[in-house]
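Beneath this line is the structure, given in structure tokens, with notes to follow.
The values are calculated or read from the model by the stated rules, or taken from the named source; none is laboratory data. Small disclaimer: the values here were computed from a predicted structure and weren't measured. As a convention, Cβ positions derive from the backbone with ideal geometry for all residues, glycine included, and neighbour counts pool all protein chains shown. Remember, those area values only see protein heavy atoms, side chains included, never the ligands or the DNA or RNA. Shrake-Rupley method; radii C 1.70, N 1.55, O 1.52, S 1.80 Å.
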Amino acid sequence: MKTQLLCAFAAVLITGTAQAQDGDASAGESLYAQSCAQCHGPEGKGMASFPSLEGRDAEYIKSRLTTYRDGEKVGPNSGLMIPNASKLSDSDIDNLAAYISSSFE
Amino acid sequence: MSQKPSPRALGAIAASALMAALPIAASSDTDTPELKHTTVLSGLENPWGMAFLPDGAMLFTEKCRGLSVRLPDGDVNKLVGMSDTEDYATTADDLFCEGQAGMNGVAVDPDFEENRAVYVYSASKKSDPPTNRVIRLTLNEDMSQTSERTDIIEEIPYKEEASDHPFGGPGAHNGGRLRFSPDDGFLYVTTGDNHNSQLPQSGDTLGSKVLRIDRDGEAAPDNAEATPEGFDPRIFTYGHRNVQGIAFHPETGRPYITEHGPWHNDEVNALEAGANSGWDPRPNMAGREDCPDDYCGYQPNQGEGMEPEKRDNYMPMTDTDTYPEAMEPVWDNNNLSQGISSAAFLTDDKWGAWKGRLAVSFLGIGFGGTPTGQRIDLLELSDDGESVEDVTELPAPMGSSRFRALVVGPDGDLYTAVDEGSIYRITPE
């Protein structure tokens, strides 16, 4: 039983597909509304200097959020995004990725 | 803080206490209107500015698309498109958007009925390097076309290269609001610092200024008398950071601007010709050392939250130590920067107790522990216009958004554009 679960977990890690690591989209939704919408827009369309999050899959969102959380720069305005990612836990990132990838298409 | 109770302000408080004792003069809270809103336009792409024509038609800009007009019957005519647009009556391929830059403010000539002239502020690649321009256009009778493009200012600086700063991408800090003063009839153009520390205090560039010009782009004659020797005669005031709002006091005609702070101190300033707003983000002066890419604007700590007062001491929005004559703000948003954007005076009687107030809008930022602060505030100015006596948040019937533009319509209602893509009308009743 335990081994089976572990195997399943390992499989998830290896394949790394969006469905396999599904976060909780509804938890992601409230976190998004609280901490992200003021810059990326209520529907993730992006505004002013803030990029659109539409049409991104969960993996992309996760890898970006992890990069920002590590304090690494991506584009010219990373300085604004990094502080917003620094407080996120792994499960916050999963939840946000699940919400963003499924809601902003 | 700017709201030290000066003897003048105390006098005003005493006077208003007296007034309150007289029953007829009392303008109490019960006199404040209920607000309702209507959505005038939605589905827009970063609407940035609006201006009304005498018949109630509304010109509006979208930052990466161009200039359109909403006719009184609700139809929209797309007039001047920027590069990469196809659905406009005219396409101007030199007009482009990047970061905060693009098509910004719009204004209508005070003599529109005779000359049909309208004006927009836009980034353009007509020159190399690119610049921001003020462009005059003639709108035809049925409001379907513009013609006779004349660039009345061609060289407002534009930020071409990214730099190591928050919002450090190209296109930063253009100012961009255009308004005619009903008092002196001149066109006022607000600009920004491009993250270039040389611009604010320099007299030979048009960045970080408020310009005052006529409809051909010629300097208003009184500018040069007021500014320091050698300044470009189009400069009305200087030493600004990024001015996105300007409105004229309904009684005195004095221009009031909103000046977007860095990580602290959004300001409202009451302008006087020739004044220095005291922004000077140069390194190696005023107690500072080297700064990233020669611009100290977000220092001493540009990546993380920090007490606003400490920031203000290190990098003041208004540096009165270096410039003792600098114009002090009438209001500083309690030392916070929440992205102050636009400004408009409420002049119609239907605003009741809020008649005469200065509405100022905020985009909201929420950096490093600062409350985001998306809202519209109604500021009550003192009788002398030098300070703010009360601040009331407008109970926005449509909820909060990134409020980008405010303008009062010919109906006296307040119109606001939000980055999310709508223009709302707020009606007091």
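For the stretch B:14-428, the square roots of the Cα gyration tensor eigenvalues, ordered a ≥ b ≥ c, give a/c below 1.5, which places it in the rounded category.
Within the stretch B:14-428, what whole-number % of the accessible surface is contributed by carbon and sulfur, with the 1.4 Å probe and all protein chains included in the calculation? All intermediate terms of the calculation are to be shown ahead of the outcome.
Working: 6690 of 15430 Å².
Ligands and nucleic acids excluded, carbon and sulfur reach 43 percent.
Each residue, A:Ser30 and B:Glu429, gets one label point 7 Å from its Cα in the Cβ direction; the gap between the two is 3.6 nm.
Burial annotation for the stretch A:19-63: residues with an accessible-area loss of at least 10 Å² between the isolated chain and the complete set of protein chains, computed on heavy atoms with a 1.4 Å probe, are A:Gln38, A:Cys39, A:Pro42, A:Met47, A:Ala48, A:Ser49, A:Phe50. FRET efficiency for the pair B:Asn301 and A:Ser52, taken as 1/(1 + (r/R0)^6) with r the Cβ-Cβ distance and R0 = 41 Å, rounds to 0.90.
Computed from the Cβ-Cβ distance with R0 of 30 Å, the FRET efficiency linking B:Gln145 to B:Asp214 stands at 0.75. Only helices enter the 222 nm calculation for chain B: every DSSP H run of n ≥ 4 contributes -39,500 (n - 2.57), and dividing by all residues gives -2000 deg cm²/dmol, rounded to 500.
Using a 1.4 Å probe over protein heavy atoms, the accessible area lost on pairing A with B, summed over both chains, comes to approximately 1300 Å². Relative protection proxy for B:195-204, A:92-101, B:143-152, A:61-70, from highest mean packing down: A:92-101, B:195-204, A:61-70, B:143-152 (other beta-carbon atoms within 10 angstrom). The heavy atoms of B:Leu379 offer some 0 square angstrom of accessible surface to a 1.4 angstrom probe. For the stretch B:378-428, the solvent-accessible area of protein heavy atoms averages 30 Å² per residue (probe radius 1.4 Å; ligands and nucleic acids excluded).
For a straight C-alpha distance cut-off of 17 angstrom, the lysines reachable from B:Lys78 (same-chain residues fewer than eight places away being disregarded) are B:Lys63. Working from label points 7 Å from Cα in the Cα-to-Cβ sense, the A:Ser103 to B:Glu160 distance is 4.2 nm. Could you check the simple spin-label distance between B:Ala286 and B:Val391, using points 7 Å along Cα→Cβ, in nm with one decimal? Taking the two extended label points, one gets 2.1 nm. Taking max minus min of the alpha-carbon positions on each principal axis, the protein assembly as shown gives extents of 83, 55, 53 Å, largest first. Taking the dipole about the Cα centre of the stretch B:14-428, with the C-beta of Lys and Arg at +1 and of Asp and Glu at -1, give me whichever of B:Gly245, B:Phe167, B:Thr320 is farthest to the positive side. Positive-end residue among those listed: B:Phe167.
Shape verdict for the stretch B:225-311, please, from the Cα gyration tensor: rounded (a/c under 1.5), prolate (a/b greater than b/c) or oblate.
Details: a/c = 3.06, a/b = 1.55, b/c = 1.97.
Oblate.
Rg over Rh for the stretch B:330-411 works out to 0.97, both radii taken from alpha-carbon positions and Rh defined as the Kirkwood radius.
By DSSP, the beta bridges lying fully in chain B are antiparallel in about 95 percent of cases. Quick one: of A:Lys87/B:Lys310; A:Lys45/B:Lys36; B:Lys209/B:Lys350, which pairs are farther than 28 Å apart, Cα to Cα? In this structure, B:Lys209/B:Lys350 exceed 28 Å between Cα atoms. Kindly identify residues of the stretch B:358-376 having a loss of at least 10 Å² in accessible area between the isolated chain and the assembly of all protein chains, probe radius 1.4 Å. SASA drop of 10 Å² or more in the stretch B:358-376: B:Ile365, B:Gly366, B:Phe367, B:Thr372, B:Gln374.
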